[in-house]
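Worksheet: one structure, shown below.
Values in this text are rule-based calculations from the coordinates and carry no lab data. Values in this document were obtained by computation on a predicted structure and should not be read as measured data. For neighbour counting, all protein chains shown are included, and Cβ atoms are generated from backbone atoms with ideal geometry for every residue, glycine included.
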Amino acid sequence: MANLRAIRKRIVSVKSTQQITKAMKMVSAAKLRRSQEAINAARPYARKLRELVEALAAKAGPEAHMLLAGREVKKLALLVVTSDRGLCGGFNSALLRTVQRFLRENGGNYEQISVFAVGRKGRDFFRRRAIAITKEYVNVLGTLSYFNAETMAHDLVDGFKNGQFDEVQVAFNEFRSAISQTPRFEKLFPISVAEGTVPAEGASDIDYIYEPGRNDILATLLPKYVEMQLFRSLLESVAGEHGARMSAMDSATRNAKEMISSLTLQMNRARQATITKELSEIVSGAESLKG
């Protein structure tokens, strides 16, 4: 009976867990839908803005603005975007393993690597491994707004301006689908004039008239470009997190269902064994009375 009670108690516990995972799956599915709409709306704008900035940079030259001026990269700033909460499968661990491998393989190529951690999971990961964090941003992805990207971009641009680092990269999970997120590194700035996408046919013949002036336009446009590219990376990470959590909770719900079935079968067998034992005892007692 003690074993039977333990099985019943475990079934109740697993059913309770199943209700939680099912509810979390539904919540993540609703959030994923909104996040997917946001990233699908942001991607075309970010892509066109990148093309425009690269075209302007090619025409203006690296001396036109601080963010276009390439330097010898001795100090790197790496912004790592993870989630604030867990229960999302390998979403965070895959990215953090990639970042750790990057730091291990490229640490000797730089005099200094400054790590900026977005999300509690990334912050805790670096703290446990005694990796210095220049600045952390936690509890911002749950209520993500463009203001958050502005704040991070200003911190990074100010550090670049003050000579704290020579290049800024962002590491994040690129959203592909609800079940697919790919760790990715992107260079934010300085914006390379030599590199970039191949211009469309006839685009190289386009000339620009700057009003009020080239430097004024670039001084306004380039910081906005950095903010937008960073905001897109944050949106990609948020959508990927909800997709990974929905997938993980769906798997957990199915596993709980299978476990309940297995435990129910064990309970029925234990109950049947108990009944058989009691019947045997009754029959044995009756036989002894007859004797």
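Taking every DSSP beta bridge that has both residues in the chain, what percent is antiparallel when rounded to the nearest 5?
35
Any idea which of ALA55, THR134, TYR210 is furthest toward the positive side of the dipole for the chain, if Lys and Arg beta-carbons carry +1 and Asp and Glu beta-carbons -1?
Comparing the listed Cα positions along the dipole, THR134 ranks first.
Specify the inter-centroid distance of the stretch 1-76 and the stretch 236-291, based on alpha-carbon positions, in whole Å.
Cα centres, the stretch 1-76 to the stretch 236-291: 38 Å.
Rounded, prolate or oblate: which one fits the stretch 206-291, using the alpha carbon gyration tensor with axes a ≥ b ≥ c (rounded when a/c is under 1.5, else prolate when a/b beats b/c, else oblate)?
Note, shape of the stretch 206-291 comes out prolate.
Within the chain, which is the longest segment that contains none of the GluC sites (Glu not before Pro) sitting in a DSSP loop with at most 13 other Cβ atoms within 10 Å?
By the stated rule (loop sites, at most 13 other Cβ atoms within 10 Å), 202-291.
Using 23 Å as the Cα-Cα cut-off, could you pick out the over-long pairs in LYS48/LYS161; LYS161/LYS187; LYS15/LYS121; LYS25/LYS121?
LYS48/LYS161; LYS15/LYS121
Once label points are set 7 Å from the Cα along Cα→Cβ at both GLU111 and LYS224, what is their separation, rounded to one decimal in nm?
3.5
Can you tell which of GLN18, SER114, ALA286 lies farthest toward the positive end of the dipole of the chain, using +1 and -1 charges on the Cβ of basic and acidic side chains (Lys, Arg; Asp, Glu)?
It is ALA286, whose Cα lies furthest towards the positive end.
Stretch LEU279-ALA29 to full length: gain in nm at 0.36 nm per residue minus the Cα-Cα span?
84.8 nm
Under a point spin-label approximation (7 Å from Cα along Cα-to-Cβ), what is the GLU186-LYS22 distance to one decimal in nm?
Here the modelled spin labels are 3.9 nm apart.
Just to check I understand the Karplus step: with θ = phi - 60° and J = 6.51 cos²θ - 1.76 cosθ + 1.60, what whole-Hz values come out for the stretch 4-13, glycine and proline as x?
5, 5, 5, 5, 4, 4, 5, 4, 4, 5
Describe numerically, in nm with one decimal, the distance between label points set 7 Å from Cα along Cα→Cβ at TYR45 and at ASN162.
With each label placed 7 Å out from Cα toward Cβ, I get 3.0 nm.
Could you calculate the FRET efficiency of ARG97 with ARG269 from 1/(1 + (r/R0)^6), where r is the beta carbon distance between them and R0 is 41 Å, rounded to 0.05?
For ARG97 and ARG269, the calculated efficiency is 0.45.
Rounded if a/c is under 1.5, else prolate if a/b beats b/c, else oblate: with a ≥ b ≥ c from the C-alpha gyration tensor eigenvalues square-rooted, which is the stretch 21-248?
oblate
Test of understanding: what is the full-extension gain from LYS290 to LYS74, defined as 0.36 nm times their sequence separation minus their Cα-Cα distance?
Result: 68.0 nm gained on full extension.
What does the charge dipole of the chain about its Cα centre add up to, to the nearest 20 debye, if the Cβ of each Lys and Arg holds +1 and the Cβ of each Asp and Glu holds -1?
2200
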